[in-house]
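Here is the structure we will look at, set down as structure tokens.
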Amino acid sequence: MNWTNSIVKVVLLVSCMVLLLGSTNASFAQERPFAQLKEKFEEGQIFSADFQHRSLDSYTGDTVSSDGLIWVGRERYKVRSGHQSVVVNGETSMVYDNNRNRVIISDYEPTEDDFAPSRILNGIDSTFTVDAEERREDQFYIRLSSHDPFAIYKKVEIFLSESLIPQMIRAVDPVDNIITTQFNDGKFVLAKQEMFLLDYPEGAEIVDMRN
């Protein structure tokens, strides 16, 4: 698994949280914390955090780890980790590789986006059912599952603080790989235009793949 695949999984997990909690059903609506969490994203707030990501391969037992910074909204995101940064603002996708000092720019096509927000928005949330939703001491715990053979994950566990800050997301994919993302210093912030700009040095090679 390369770095890009690892970042894809990070964003997939966070987007699952955004959309699955955002698609509040009747049982969720009775719990004000979840309704409030839904409102944060609907109001355009951005979840910002440091993350530590780990992916365990069920077949080989190998583990791939990464860490970095993440900003996620309902339809846009930015991830900075290692030697790469990824920004999707809803219209354009930009990837900067500082090893090659190269920026790749392309039109953002939601239906072709494997990075998650659009992929989740296109229906994955409706395939999940809520198996558990409970308070555990100073945390809220949610467990969701899907029996859809095309689902990205078959089980997702979400851990929230009492103040509705995501602390960890753990997921199991269809071949039993376990993907865990831990968040530190997480907070919801107001969206700013510069938040989803890609930073890269002057003189970087620009590869523009837009028509």
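The values are calculated or read from the model by the stated rules, or taken from the named source; none is laboratory data. Quantities reported herein were computed from a predicted structural model and do not represent experimental measurements. Cβ: placed from backbone, ideal geometry, glycine included. Neighbour counts: every protein chain shown.
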Requested in this report: Exactly one condition in (1) more than 15 Å from the chain's Cα centre (by Cα); (2) at pLDDT below 85; (3) over 27 Å from THR92 (Cα atoms); (4) among the hydrophobic types (A, V, I, L, M, F, W, C) is not met by VAL175; state its number.
Outcome: (2)
Report summary line: Within the range 164-196, the count of residues that are part of a loop (DSSP other than H, G, I, E, B), under 16 Å from LEU69 (Cα atoms) and in contact with a Leu (Cβ under 7 Å, 6 or more places away or on another chain) comes to 0
Query raised in the report: From the list ARG170, ARG135, which residue is modelled with pLDDT of 85 or more, farther than 20 Å from ARG76 by Cα and over 21 Å from the mean Cα position of the chain (by Cα)?
Result: ARG135
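Of everything in the range 41-65, what is more than 14 Å from ASN184 (Cα to Cα) and buried (at least 16 other Cβ atoms within 10 Å of the Cβ)? Give them in sequence order.
Those that are more than 14 Å from ASN184 (Cα to Cα) and buried (at least 16 other Cβ atoms within 10 Å of the Cβ): PHE41, GLN45, ILE46, ARG54, SER55, LEU56, VAL64.
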Requested in this report: List the number of the failed condition for LEU164; all other conditions in (1) in contact with a strand residue (DSSP E or B) (Cβ under 8 Å, 6 or more places away or on another chain); (2) on the phi < 0 side of the Ramachandran plot hold.
Outcome: (2)
Report task. Six or more apart or on different chains, Cβ under 6 Å: which pairs go from a residue in the range 184-203 that's within 18 Å of ASP50 (Cα to Cα) to one that's in a loop (DSSP other than H, G, I, E, B)? Could you list them? Result -> GLY186/ILE165; PHE188/GLN45; ALA191/GLY44; PHE196/ARG76; PHE196/ASN89
Query raised in the report: Could you say whether any residue in the range 105-114 is surrounded by 15 or more Cβ atoms within 10 Å (Cβ to Cβ), over 24 Å from TYR59 (Cα atoms) and at pLDDT 85 or above?
Result: yes
